[in-house]
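These notes are about the structure you will find just below.
The values are calculated or read from the model by the stated rules, or taken from the named source; none is laboratory data. All figures in this text were calculated on a predicted structure; none of them were measured in a lab. Don't worry about glycine lacking a Cβ; one is built from the backbone with ideal geometry, like all the others, and counts go over all protein chains shown. Each accessible area value is taken on the protein alone, full model and side chains, heavy atoms only, with ligands, DNA and RNA left out. Shrake-Rupley method; radii C 1.70, N 1.55, O 1.52, S 1.80 Å.
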Amino acid sequence: MKLFADLKILYHMALKPVRGKDHAARLESFYSGQADNYDDFRNRLLHGREQLWQALDTPQDGTWIDLGGGTGSNLEYFGDRLSTLEKIYLVDLSPSLLKIADQRIKAKGWSNVETVEADATRFQPPCGLVDVVTFSYSLTMIPDWFAAIEHSLSLLRPGGMIGVVDFYVSRKHPAPGNRRHGWFNRNFWPLWFGSDNVFPSADHIPFLHRHFKPLYFAESRGKVPYLPFLRAPYYCFVGQKHEKSA
């Protein structure tokens, strides 16, 4: 049964044509046929999410926005900390994934979590400035990822935090102390993920470091289902909005 579910996921990831006139339609085209089995497969592919959530402080009675939050499975990493937040907005453009998130929220009894179908570069919470904004493997799927980061900066109160975990490739000549990927990794992973409209970038890490005060940063590699000899590079970043930022 698990193999059948995986084959269905792999079909949608590698073979099924992705259609749509805009980004939202293309996302729904990609996810609608695999939403029910999304979490199990991604748990084996998307590494570092719990690592990121543990590196982030949970502000008492704070407001948290998870941009590209999908099915809401990331919230389970909070444990008891989730109840200490006043509000969590789970924002995504895919109604199929948000439907799964709503089912999870109801089953878990999370009264402080709300799903919102919206663009990560435009969503405005009704409460004004927030304490935390996160991107968990969503930044590589946002065409204007730089606009998404800049928008998140505008949503954060001074001293607020951003957290990102995602695939990436290094620059050919990265900053001192950062990992340098060889020719194969810098070229293979963008090509491999690009078929799913996932675009690992060499510029995420420099852009984040430029806009936020780094509090935590780690680079690593994770296993890829059915590709036993390959490890996909990913990073975790936690940054703080400067106190004097507008």
Residue-by-residue Karplus 3J(HN,Hα) for the range 85-101, coefficients 6.51, -1.76, 1.60, Hz, glycine and proline x: 8, 6, 8, 10, 9, 9, 9, 7, 9, 9, x, 5, 6, 5, 4, 5, 4
Heavy atoms of D203: accessible area, 1.4 Å probe, square angstrom to 10: 60
For the range 211-219, 3J(HN,Hα) per residue [Karplus equation, 6.51 cos²θ - 1.76 cosθ + 1.60, θ = phi - 60°, Hz, x = Gly/Pro]: 9, 9, 7, x, 10, 7, 8, 9, 10
Charge sum, other residues only, whose C-beta stays under 12 Å from E86's C-beta, Lys/Arg counted +1 and Asp/Glu -1: -2
Under 5 Å, built H, 5+ apart or other chain: amide partners of L85: D61
Cα gyration tensor shape for the range 171-246, rounded if a/c is under 1.5, else prolate or oblate: prolate
Under the Karplus curve 6.51 cos²θ - 1.76 cosθ + 1.60, θ = phi - 60°, whole-Hz ³J(HN,Hα) for the range 137-149, x wherever Gly or Pro sits: 6, 10, 4, 6, 9, 9, x, 9, 4, 5, 5, 5, 5
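Classify the range 90-246 as rounded, prolate or oblate, taking a ≥ b ≥ c as the square roots of the eigenvalues of its Cα gyration tensor: rounded when a/c is under 1.5, otherwise prolate if a/b is larger than b/c and oblate if not.
Cα axes put the range 90-246 in the oblate bin.
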Amide proton proximity set for L156, modelled H, under 5 Å, gap of 5+: V130
Global form of the range 61-125, assessed from the alpha-carbon gyration tensor, a/c cut-off 1.5: oblate
Relative contact order of the range 50-162, defined on C-alpha pairs under 8 angstrom at six or more residues apart (%): 29
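What percent does the relative contact order of the range 120-244 come to when contacts are Cα pairs within less than 8 Å and at least six residues apart? Don't jump to the answer; show the numbers that get you there.
Values: 206 pairs, mean separation 35.6, N = 125.
With pairs under 8 Å counted, the relative contact order is 28 percent.
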Cut-off under 5 Å, modelled amide H: who pairs with S170 long-range: H181
